[in-house]
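Bear in mind that the values in this text are calculations on the coordinates, not laboratory data. Computed from a predicted structure; not experimentally measured. Quick reminder, even Gly has a Cβ in these numbers, built from the backbone with ideal geometry, and neighbours come from all protein chains shown.
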Amino acid sequence: MRNIRSIRRKTALLRSGLPVLLLLLLSPRPAQAIQIHGPPEGLYAHLIGHFIFFCALVFLLYVLEKRPLDSSRGWLPLKLSLIFFLLWNADTFAIHLLSLHMPDSALFTGSSDFWEHRLAPPIDGERLLYYIGRFDHLLCVPAMWLFLRSLTIFAREAEQRRANGETS
Amino acid sequence: MTDTGLPLFFLYLQDFAGALLMIALSLGALFYARRLTRLEPQCVLWTYLLWLSVALAAFSISRSIGHVLRFILIWSGRQEVWTRLAPFSGGMNSLIFAAAAALTFYYHAMHAIISRVRTDAEALRNANENLLAAHEALHLLNHTLEERVEARSRELLLSEQKFRHLFEGSKDMIFFCDANGRISDINAAGVELLGATDKKEIVGRRLADFFAAPELWQRYCAALSNHGHVKDFEVDIRRADGTIRSIMLTASAILDENGTVQGCEGIGKDLTHFKQVTNQLILSEKMASVGHLAAGVAHEINTPLGIILGYCQLLTEDLADHKEALPILKIMEKQTKSCKRIVADLLKFSRHTAEEHRAPTDVNQCVREVVSIMDHTLEMDNITLSLFLDENLPPVVLDAEKFRQVLVNLITNAQHAINKDGLIAIWSKRRGGDTVEIIVADNGTGIAPEIINKIFDPFFTTKGVGKGTGMGLAVSFGIVKDHGGDLQVYSPPCDPQCREAGMRTAFHILLPAAAPEG
């Protein structure tokens, strides 16, 4: 009995609200709330991502330094890895910012011959910094290697603990 | 170089090699992170590192594939394709950065929560362990409670039995009094000592009521209050039947926490028999001394008396016709003979008599002979004489004539004590294995305590002048002692049969039985 009353109430609402809805749909006006996303927005979002990742790394380093969990040998490579990721993050952040100031003509990449691709002159300090900064794999590869190194140490110690019947 | 710019080839080379290394290293990290979570799945750090490895691997693959595709597309002359694809790679990298950051912050929050949960869990575990320990202890207590209660009850029962046995079995009086000096508990020996038949007759009565001398009760209470105890306190108590017993009290005050006397507990030792024995010993020593003195005196007087008597008799024969002298000589002879008789008594008392006719004798027969002689005299005074003779008595080696004299003396003494209308009873019985006891008792006036130790003294008498010499009991004492026996007097009697018969004085003749023949 209660369900029947509920259904009747809903159908009454539909009957009274449907004409109003149709009226609104058939008389459209400009929607001012729609936001347009221009080209720099992706770069900004990417830079914000770098910044958040940077903050997270600093926070993690702070936590590990402030409250060390145990005396494992894996913490040192983990901390070094985080420092290298921090440096890499700063480096790429700087490169992204530098690329904003550089004109499109600064990079010649029009040929299919990679040897002819150049950072066009004049090579001033900004372009030289950009050129050096682009070697970011020299930072992120050691960071990843140190991360792997810490995990291998943690895993070895965990296996040792399991063999000794201990718990972490 | 600077005129033509800086070559990007080395950059490409670094990017290409670095991209491949990043993929390899990130996959390796992912492998070890996954292994860690499998080895220790409960560790939240490993979970975080696994997800960080996933993010880094995704980042490496996204970025490295981007680099590789860029080379391929540029090399194949399709740079515009790379230009369209590059934002996807960058967007993906941005998302991974955000995800890695979120993971890091999330890990920290999770770690804090888990630490708190772990702390709480540790506290819960400790509480649980404590609860388990308490439960175990309670279970153990519950399990052993019955046994422990039983063991404790058994110990208490044994202790109670031990002290109850000591209390009830003691031959000395043990008593407890309350703050008012009323007896709250007393053992069987105490009941008997105070002359009652049941404890109920004693409990509730004041101990002071039994003290013969009230001033001794005051001294007893003062000593308890001042010193907390009394020791070897000699006191005479008046029993329920009126008889007096001498006891020695040793008691302690019962004090509460404030030091106030709440009562007393003590032991009373009956000294009556001890005192009697002591008095008899003293009496024996005294009689021995008197006997020795009497023997010396009698011996010294006997000879002159014999001479005086001889000359009196010679003079009587020589002056038979002299009318004036003859009566005087007769009086002298009579008085001299009286003196001789007294001296003879003294010699009998001191056991220095010449004639001895000892033989194994039936003491019952002697008693009957004496009674048959004296019965008539007693009947004249309306005195009944009862005999309670043990027919199985062993013979006694004695001088029958002297023994009969002892019996005559004692019966005569009893007759005088009764005067008229009374009862004399004679018991013969065996005491121990080798002693025959003859008791001569009467229900006369009794003997006052102050003279009872003097009645065996020579010449001691309570009779009027001329009615007795005071030698009867002394002579009897001497004769009995001369036979290796003893003569004791009790007033009131100590023998239950005598007391039940209503006797007030009892003389006990103790004689050694003759050794059996063979």
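A few comments on the model shown:
- Distance from region B:18-86 to region B:102-124 (C-alpha centre basis), Å: 29
- Note on A:121-132: average number of Cβ atoms from other chains within 10 Å of each residue's Cβ is 2.
- Calculated translational diffusion coefficient of the protein assembly as shown (10 °C, 1.306 mPa s; Stokes-Einstein with Kirkwood radius over alpha-carbon pairs) equals 39 µm²/s.
- Between region B:265-340 and region B:447-501, the Cα center-to-center distance that results, in Å: 18
- Ranked list, fewest to most other Cβ atoms within 10 Å of each Cβ, for B:W427, A:W75: A:W75, B:W427
- Angle in degrees between helix B:79-169 and the longest Cα principal axis of chain B, rounded to the nearest 10: 10
- Among the GluC sites (Glu not before Pro) in region B:310-342, those located in a DSSP loop and surrounded by at most 10 other Cβ atoms within 10 Å of their own Cβ are B:E324.
- Cα radius of gyration and Dmax for region B:358-512 (Å): 14.5, 44
- In straight-distance terms, cross-link reach from B:K323 covers every one of the lysines whose alpha-carbon lies under 28 Å from its own, apart from those fewer than eight places away in the same chain; here that gives B:K334, B:K337, B:K340.
- Considering helices alone, the calculated mean residue ellipticity of chain B at 222 nm is -20500 deg cm²/dmol, with DSSP H runs of length four and up weighted by -39500 (n - 2.57) and normalised per residue.
- Whole-number D in µm² s⁻¹ for region A:39-164, Kirkwood Cα-pair radius fed into Stokes-Einstein, 25 °C, 0.890 mPa s: 142
- Other residues with beta-carbon under 13 Å from the beta-carbon of B:P512 carry, at +1 per Lys or Arg and -1 per Asp or Glu, a net charge of 0.
- Exposure proxy shown here: for B:I174, B:I479, the number of other Cβ atoms within 10 Å sets the order, fewest to most, as B:I174, B:I479.
- Which of B:Y12, B:Y32, B:Y106 has the fewest Cβ neighbours within 10 Å, and the rest in rising order: B:Y106, B:Y12, B:Y32
- Of all lysines in the structure, the ones whose alpha carbon falls short of 16 Å from that of B:K402, not counting any fewer than 8 places away in one chain, are B:K348, B:K481.
- Shape of chain B, Cα gyration tensor, a/c cut at 1.5: prolate
- Within the same chain, lysines fewer than 8 places from B:K275 are excluded, and of the rest, those with a Cα less than 19 Å from its Cα are B:K171, B:K231, B:K286, B:K454.
- Helix B:44-75 and the longest principal axis of the Cα set of chain B meet at an angle near 10°.
- Mean Cα-pair separation over length for region B:358-512, i.e. relative contact order, pairs under 8 Å, 6 or more apart, %: 23
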